[in-house]
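Visitor: My structure is below; once you've seen it, I'll send some questions.
The values are calculated or read from the model by the stated rules, or taken from the named source; none is laboratory data. No experiment lies behind these values; they were computed from the predicted model shown. Positions of Cβ are backbone-derived with ideal geometry, glycine not excepted, and every protein chain shown enters the neighbour counts.
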Amino acid sequence: MLQVENTLFTIVMVIYFAAMILYFAFITVKKDGVARLAVALQIAGLALHTAALVCRGIGAGRLPLTNQYEFATSFAWGLCLVSLVFVLRFKFPVLGAFAAPVIFLIIGYAAMQSREVRQLMPALRSNWLGFHVSTAIISYGAFGVSFVLSVIFLLRERMKGRPFWDRHIPGREKLDVISYRSVSLGLLFLTFTILTGAIWAERAWGSYWSWDPKETWSLVTWIIYAAYLHLRIRRGWQGRSAAIFAAVGFVCVIFTYIGVNTLLPGIHSYA
């Protein structure tokens, strides 16, 4: 099964790359048919990516969510899923064009990690693993979409007055609302991630919170996005400043995932 997973992973990388090229072609040649093909290819990539994760889980005899490779490929899967939901829900293929490079970069990072299957350390042998990490994947995927939407928002003014962009990119107000929904989804699942992690930590190490670097930076990320929602709901804060704030939040997400593991080792260094 692991050999099948390796083959599927390679195919998925090729499909995501092809989808990215098609999205770029869409915004270059400005043909809606190319966009539909790109979306269809992304859907196919997601389906095969799901199959690859299932094969990894069967081959490893556990959930495929416990090391850098497994979380990175799952992170790419979550971003692909959430971006597709938003692309289809809002008929917004340009979002796919901006999300595709991020998806490819993340799965490319996964490809550089060790794929060795190792026995789980005792602390990871818990039913809480699935709840904790799966909510983190959806959370990170939603924050990734909010980052992409923020970039589009910040570029929207430069695209104004051009028929193609005016037809395929919502107005700044709607973009702001879509980004708000993405951040709300991400914060909801990040809250679940922190709560399930605290319960798991208490059962594994006897303490709900130990100020491990990843715990600390997850809390910092939560505070940033909670501040975003607070300022928006209570102060009516939106527009360019909100977009920049959301983009900075995703930088914090990436640091929490990659930077902490690289620079600040702790009890989460395995993931």
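Visitor: Need pairs with beta-carbon distance below 7 Å; first residue within 13 Å of Tyr140 (Cβ to Cβ) and within the range 185-208, second among the β-branched types (Val, Ile, Thr); sequence gap 6+ or separate chains.
Guide: Phe189/Thr135; Phe189/Ile138; Leu190/Thr221; Phe192/Thr135; Thr193/Thr135
Visitor: With the range 127-221 as the region, which helices (runs of 4 or more DSSP H) entirely inside it contain at least 1 residues that are of a type in the set (S, T, N, Q)?
Guide: Because the criterion is at least 1 residues that are of a type in the set (S, T, N, Q), the helices (runs of 4 or more DSSP H) in the range 127-221 that meet it are 128-159, 172-205.
Visitor: Among the residues of the range 222-244, which ones are in contact (Cβ under 8 Å) with a residue 60 or more places away in the chain and either surrounded by 15 or more Cβ atoms within 10 Å (Cβ to Cβ) or in a helix (DSSP H, G or I) (or both)?
Guide: Tyr225, Gln238, Arg240, Ala242, Ala243, Ile244 - these are the residues of the range 222-244 that are in contact (Cβ under 8 Å) with a residue 60 or more places away in the chain and either surrounded by 15 or more Cβ atoms within 10 Å (Cβ to Cβ) or in a helix (DSSP H, G or I) (or both).
Visitor: Looking only at the range 52-71, which residues are part of a helix (DSSP H, G or I) and either closer than 18 Å to Gly108 by Cα or in contact with a Cys (Cβ under 6 Å, 6 or more places away or on another chain) (or both)?
Guide: Ala52, Leu53, Arg56, Gln68, Tyr69, Glu70, Phe71
Visitor: A further question on this structure: Can you find even one residue in the range 114-133 that is in contact (Cβ under 8 Å) with a residue 12 or more places away in the chain and under 14 Å from the mean Cα position of the chain (by Cα)?
Guide: For the range 114-133, residues in contact (Cβ under 8 Å) with a residue 12 or more places away in the chain and under 14 Å from the mean Cα position of the chain (by Cα): present.
Visitor: Same structure again: Answer with yes or no whether Met159 is closer than 18 Å to Lys91 by Cβ, surrounded by fewer than 17 Cβ atoms within 10 Å (Cβ to Cβ), modelled with pLDDT under 90 and not polar (S, T, N, Q).
Guide: When the stated conditions are applied, Met159 passes them.
Visitor: Let me ask you something else. Limited to the range 37-65, what total is found for residues that are over 20 Å from the mean Cα position of the chain (by Cα) and at pLDDT 95 or above?
Guide: 1
Visitor: So, in the range 233-271, of the ones that are β-branched (Val, Ile, Thr) and more than 21 Å from Leu149 (Cα to Cα), which residue ends up modelled with the highest pLDDT?
Guide: It comes out as Ile258.
Visitor: Within the range 245-266, work out how many residues are in contact (Cβ under 8 Å) with a residue 60 or more places away in the chain and more than 17 Å from Leu187 (Cβ to Cβ).
Guide: 2
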